Amino acid sequence: MSSPAKKRKKDTSDSIPQRSIASFFQGQDQAARKAGTIEESLSDEALARKLQAEWNQEEDSATFQENGTTKEPTLDPFTPNDESLEPPKKAAKKHTLSLQSSAGTEDTISLAIPLDESPLTFDSAKYAGELKTHWAAEDGHASYALLTRAFVLANATRSRIRIVDTLVNFLRILVEADPSSVLPAVWLTTNSISPPYEELELGLGGSSISKALKKIYGLDNQGLKSLYDKHGDAGDVAFEAKKRQSFTLMKPKPLKINGVYQSLQKIAASKGNGSQETKQRIVEKLLQDARGAEESRYIVRTLVQNLRIGAVKTTMLIALARALSMSKPVGAEFSIYSQHELSRLKKEDLSGIYNNAEEIVKASYARHPNYNALVPCLLEIGISEELLLRCGLQLHIPLRPMLGSITRDLSEMLTKLQGREFSCEYKYDGQRAQIHCDEQGRVSIFSRHLENMTDKYPDLVSLVPEIRGESVSSFILEGEVVAVDQETGELQTFQVLTNRAKKNVDIGAIKINVCLFAFDLMYLNGAPLLDRPFRERRELLRSIFVEIPYRFTWVKSLDATSAESETVLEFFKGATDKKCEGIMVKVLDNIAKPNPDEQTNPPTNTTATEPPKGSRRKALLSTYEPDKRLESWLKVKKDYSASSETLDLIPIAGWHGNGRKAKWWSPILLAVRNPETGTLEAVTKCMSGFTDKFYQANKAKYSEGSTNVISRPSYVEYYGEPDIWFEPQEVWEMAFADITLSPTYTAAIGLVSDERGLSLRFPRFLKVREDKSIDEATTSDYLALLWRKQSERARLEEDAQIADQAKSEGLDE
Ligand code: ATP
């Protein structure tokens, strides 16, 4: 596909009276040569004005010489932007630089589409038809203007339903009018360019965006700074700058969805000498070609990778599932629901259809998390179980790991798993690893967040031939990599492991030795094992792989039931004595076996195979469920108790300290993240748990004038005025006494109360989570969940107190 640059060149050749950008720069060059200097620092607009003034002067003096009269300069800001309205060739004036009013260059067709309407009434066929004709005048591909329209509408609402509806309608138009743009649109909307295991990065610094903004929108340093100070967000700065730019040199060819995505790929692919200049040119071209202020805003937000439209991965998967249930590309053979049919269904039946489609798409993505595989498959076969075969588990593609739910303590875990047989396993404090090995013996290792870390663990790679039993040809297994003492096998802390280099580790130079404690087997000899019960997967793992002392072994485990609470407690103590974080508890079988002990002492209202009466919980399965946090895996950590739950918060601002702390930032403001809106919501101020050394380092890191300090960011939700704002970049683990409703803090606002947010009582800093990026910080909905749990606990305790009181007063009968 031709690049936007090529396309534009071709187009201007037949446009009539205008000077091309190339000829403009030629003119500028000549003029500059005349003046003996090239004025690189002037913006397009400034240069255009200057040059035009010079030409006008030349013409005026010529006219004056001819007629003996003077004339007003002819710089006309209102040159019509619609090509059909352009003056005919003969009317073109020599030496008239065609400037366009930038305000009028937006795509009015896309702007008028009600993408946020309910998909049950949205007339996708009509709009797809209109847009197809509109796009046919260019290269037939979907315009970035349509995507911008979707972004603007998604950004304008906090309602997830609206965001999903907008994306569904947008995707339906693409599916019907230009299916080839669906995949690039999905990447752009999810603000990524490749799956996590492919490590493609834009590698653009903030300075290159600023440089481009100055150059393209004619800002000087001061102008840019005052916009940043006012708006904080680079995209909002671009929006304002573009709005103020009253002219563009000429009407740019519209940006296309696929063109923008290709530009991002080119930026990411450009490496080595001269790559910064190449990247810079592409960024500038994108900004130059953006039509209208909103396009500029979203181009820049895309470049700084902070789109903030609340369309996270799950939203996109839901939107794809619904769009492909209702629309298909011309010529595709799969069946879809008609809008008419869906709109007549009862609410529950409609959700049933949607849920089914969403489960299939989510399950496929959890097994094969790459839109490059998912989207083409969806466009070809639509929503069908076949998707899981065509785009499912595959060697060397990491599946999204199954996750454990938290429990407060052992007794909560025992209550939850009453009636089930489970395995308690040491919860090692290391790094989760997914190991893939194919028939040829090629090995890949992936992290919890799906990054490829094969280069980090050459020692594990070299172990594979030894651990792979004779009957094993290919496999995917999972375990925890822990730093261990090679002489004694003693477990070392996570901190020790973090000292190991992250990339290109030379096997001969390894100083920090590791052991892999394997706990699951998901694929064996060409067949997925996800649907097999955990007991069976574990049995296979332990019987056909070979242990190597201190290097590869199984997690230490104990099989038990809730009736054996003493033994479980002993095991838990053993785990914590061995420096483990606690235990992971996993349901062993899909159907619970009746347990004689528990039948004599039955838990309230439950039988061995059913969830508690009145409970809406599904019976727990022991299958491996990628990307799900179910109660068939429970975490019991040593520091979990009613008051020592911890949160992973992002430090975002600070105040000048008082007294002894006057030199430092204290208190420090912390936030949770809201993945729906992309904002950070302030949750608490903290001034406890920090050492002086820590305060010192913190002050050095966030010193006034450093790049880690920013002006008030628009993506932070907080009513107060701290003395300094930190560039959000780290995650701190925090302890606290309890969660309270607050009129000051905005965390989780709308989730538990419309007016009040949530805050923490007695927050205390524990440690920096070096292993977590801000994307992995605690979310507002998780905080809301903890608050609900806390309220529930309080209610139960109150009930118990009342019951006790009633008992002691003899009122219980
Ligand atoms: P999560 O990974 O559940 O999102 P998190 O990153 O906060 O949460 P933890 O709550 O500390 O992590 O616990 C989960 C992690 O514990 C797993 O991802 C895995 O790395 C580790 N782990 C250690 N031992 C085991 C085990 N026996 N079974 C499963 N996971 C284990």
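In this structure, does SER666 turn out to be in contact with a His (Cβ under 7 Å, 6 or more places away or on another chain) and surrounded by 14 or more Cβ atoms within 10 Å (Cβ to Cβ)? Talk me through it step by step, then tell me what you get.
Values: in contact with a His (Cβ under 7 Å, 6 or more places away or on another chain): no; surrounded by 14 or more Cβ atoms within 10 Å (Cβ to Cβ): yes.
So SER666 does not fit the description; no.
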So how many residues does region 622-652 have that are over 23 Å from the mean Cα position of the chain (by Cα), open to solvent by 30 Å² or more (accessible area, probe 1.4 Å) and at pLDDT 90 or above?
2
In region 287-306, anything open to solvent by less than 10 Å² (accessible area, probe 1.4 Å) and either assigned to a loop (DSSP other than H, G, I, E, B) or assigned by TED's automatic domain parsing to the domain that holds PRO728 (or both) is listed as ALA290
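Regarding region 600-609, can at least one residue be identified that is more than 15 Å from the ligand (Cβ to nearest atom) and modelled with pLDDT of 60 or more? Spell out the reasoning first.
As a first pass, look at region 600-609 and keep what is more than 15 Å from the ligand (Cβ to nearest atom): 600-609.
Pick out the ones that are also modelled with pLDDT of 60 or more and you get none.
There is no residue in region 600-609 that is more than 15 Å from the ligand (Cβ to nearest atom) and modelled with pLDDT of 60 or more.
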Check LYS427 against each of (1) more than 12 Å from the ligand (Cβ to nearest atom); (2) crowded, with 18+ Cβ neighbours inside 10 Å; (3) of a type in the set (Lys, Arg); (4) under 31 Å from the mean Cα position of the chain (by Cα) and name the one condition it does not meet.
(1)
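Okay, residues lined up against (1) modelled with pLDDT under 95; (2) buried (at least 16 other Cβ atoms within 10 Å of the Cβ):
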{"site": "LYS347", "(1), (2)": "yes, no"}
{"site": "ILE353", "(1), (2)": "no, yes"}
{"site": "ASN356", "(1), (2)": "no, no"}
{"site": "ALA363", "(1), (2)": "no, yes"}
{"site": "ALA366", "(1), (2)": "no, yes"}
{"site": "LEU379", "(1), (2)": "no, yes"}
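Taking the stated definitions as given, is ALA433 touching a helix residue (DSSP H, G or I) at 6+ places or on another chain (Cβ under 6 Å), touching a residue at least 24 places away in the same chain (Cβ under 8 Å) and part of a strand (DSSP E or B)? Reasoning before the result, please.
Numbers: touching a helix residue (DSSP H, G or I) at 6+ places or on another chain (Cβ under 6 Å): no; touching a residue at least 24 places away in the same chain (Cβ under 8 Å): yes; part of a strand (DSSP E or B): yes.
Spelling it out, it is not the case that ALA433 is touching a helix residue (DSSP H, G or I) at 6+ places or on another chain (Cβ under 6 Å), touching a residue at least 24 places away in the same chain (Cβ under 8 Å) and part of a strand (DSSP E or B).
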If I ask for residues that are at positive phi and open to solvent by 10 Å² or more (accessible area, probe 1.4 Å), which ones from region 430-467 would you list?
GLY441
Checked region 737-760 for anything crowded, with 24+ Cβ neighbours inside 10 Å and either assigned to a loop (DSSP other than H, G, I, E, B) or of a type outside the set (Gly, Ala, Ser) (or both); matches are ILE739, TYR745, THR746, ALA747, ALA748, LEU758, LEU760
Is it the case that LYS789 is within 16 Å of the ligand (Cβ to nearest atom) and over 26 Å from the mean Cα position of the chain (by Cα)?
yes
For the structure I just gave you, tell me whether ALA156 is over 24 Å from ASP289 (Cβ atoms), at pLDDT 95 or above and surrounded by fewer than 17 Cβ atoms within 10 Å (Cβ to Cβ).
no
Based on this model, can you work out whether GLY392 counts as within 13 Å of the ligand (Cβ to nearest atom) and surrounded by 18 or more Cβ atoms within 10 Å (Cβ to Cβ)?
no
Would you please name the residue that is farthest from THR561 (Cα to Cα), looking only at residues in region 436-482 that are part of a strand (DSSP E or B) and of a type in the set (Val, Ile, Thr)?
VAL443
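The values are calculated or read from the model by the stated rules, or taken from the named source; none is laboratory data. This one's a predicted model, so the numbers in the text were calculated from it and none came from an experiment. Glycine gets a Cβ as well: all are built from the backbone with ideal geometry, and neighbour counts include every protein chain shown. Ligands, DNA and RNA are stripped out before the accessible areas are found, and what is left, the full protein with its side chains, is counted by its heavy atoms. Shrake-Rupley method; radii C 1.70, N 1.55, O 1.52, S 1.80 Å.
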